[in-house]
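Colleague: Pasting in a structure now, in structure tokens, and then I'll have a few things to ask.
The values are calculated or read from the model by the stated rules, or taken from the named source; none is laboratory data. Bear in mind that the values here come from a model prediction, so they are computed numbers and not experimental data. When we count neighbours, we look across all protein chains shown, and the Cβ atoms used for this are built from the backbone with ideal geometry, even at glycine. Note: accessible area is taken over every heavy atom of the protein model, side chains too, but ligands, DNA and RNA are not part of it. Shrake-Rupley method; radii C 1.70, N 1.55, O 1.52, S 1.80 Å.
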Amino acid sequence: MLAAYGIEGGRIVIDVRQDEALIHALALREFCSAMVPAGVQLCLAQYHAGREADALLGQLPLGYVRLAARYSQKLGDPAVRDEMRHAIERAHRLGLCVIGPQVEDPQAAATLWMSGVDFIQGSLQRLYTQ
């Protein structure tokens, strides 16, 4: 259908939430076997480190990983920051780009960049004072 409508598969990234990917892993793999040859990419969203989630990273033909929002929201917690860094390193070892979601302030953006995310997503607003 992509070819019939003149759509380049490489311009499409399908976002799949981690919880749904875990539940529907078999069907998702079948879907990917049809879409990946057309150039369509897959993003595992709401990714948080864990045994099952890490298995998905190796089983699915992913291009991107969007971290769970809790990583962006709890950057002040050293344990959460460490877990996030390990998750980012794991994704990078597999050649995946990492997206840091729900970034709302410059401090969070800086922390995520220093932690190794490739993209930042959110409503980052610059505050001006006079």
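Colleague: Tell me, yes or no, whether the range 28-43 has at least one residue that is closer than 26 Å to ILE88 by Cα, touching a Lys or Arg at 6+ places or on another chain (Cβ under 7 Å) and either open to solvent by less than 90 Å² (accessible area, probe 1.4 Å) or not in a helix (DSSP H, G or I) (or both).
Modeller: For the range 28-43, residues closer than 26 Å to ILE88 by Cα, touching a Lys or Arg at 6+ places or on another chain (Cβ under 7 Å) and either open to solvent by less than 90 Å² (accessible area, probe 1.4 Å) or not in a helix (DSSP H, G or I) (or both): present.
Colleague: Could you count how many residues in the range 6-27 are over 24 Å from ILE88 (Cβ atoms) and not in a loop (DSSP other than H, G, I, E, B)?
Modeller: Number satisfying all stated conditions: 6.
Colleague: Another question, then. Looking for something in a helix (DSSP H, G or I) and either in contact (Cβ under 8 Å) with a residue 24 or more places away in the chain or farther than 18 Å from ILE14 by Cβ (or both) - is there at least one such residue anywhere in the range 95-106?
Modeller: Yes.
Colleague: Right, next: Please tell me if ARG11 is open to solvent by 70 Å² or more (accessible area, probe 1.4 Å), free of Cβ contacts under 8 Å to residues at least 40 places away in the same chain and under 21 Å from HIS86 (Cα atoms).
Modeller: no
Colleague: Which of the residues belonging to the range 73-94 are assigned to a loop (DSSP other than H, G, I, E, B) and buried (at least 17 other Cβ atoms within 10 Å of the Cβ)?
Modeller: Selection gives LEU75 alone.
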